[in-house]
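Below is one structure, written out as structure tokens; the observations come after it.
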Amino acid sequence: MPRVSEQSLKPCAAQPGSVGISRPDVDPPQVGELGLLVPNERTCGEHRLYSSEDLRRLLAVQHLKSLGLSLTEVKAALDDPGFDASEALADHITTLEHRLSARQELLGCLRNLQGAA
């Protein structure tokens with residue numbers, strides 16, 4: 001891992017407003033387990049230190065999660081230089097439309113049952 005100057009490393013949760021994230025967004029266990037965000041270094045007190053590039057990656061993780069991708073899918077997307085966010089969004093919209101249609105059908109059945117009761 002390339003060395004980064006200590007001045008450019010920051011604890012991510014120390015300035016959540018500056019990157020638009022909160023501490024729970026920074027450190028869910030799966031993010032570290034999947035290698036989505038790995039701290040460059042740690043302080044003597046074991047606080048994780050992140051570079052500006054790490055914070056940009058975290059914002060990308062948050063953006064892709066907001067499109068409906070699982071963390072596993074986010075990792076695959078970030079690791080794939082050919083990833084197309086527009087295609088992922090279109091796929092997510094199609095999935096949601098199918099779910100919505102199934103829920104509307106279920107709602108109609110329930111209303112029919114309610115009317116028959």
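FYI, it's all coordinate maths here, none of it is from the lab. Please read these numbers as outputs of a predicted model, since none were measured by experiment. All Cβ positions, glycine included, derive from the backbone under ideal geometry; neighbour counts span all protein chains shown.
In this label model, residue 73 and residue 117 are separated by 3.5 nm, measuring between points 7 Å along each Cα→Cβ vector. Under 5 Å between amide hydrogens, built in the peptide plane, is the criterion, and for residue 41 it picks out 49 among residues at least 5 positions away or on other chains. With θ taken as phi - 60° and the Karplus curve 6.51 cos²θ - 1.76 cosθ + 1.60 applied, the whole-hertz 3J(HN,Hα) list for region 41-53 is 8, 10, 7, 4, x, 6, 6, 6, 10, 10, 8, 4, 5 Hz, x standing for glycine and proline.
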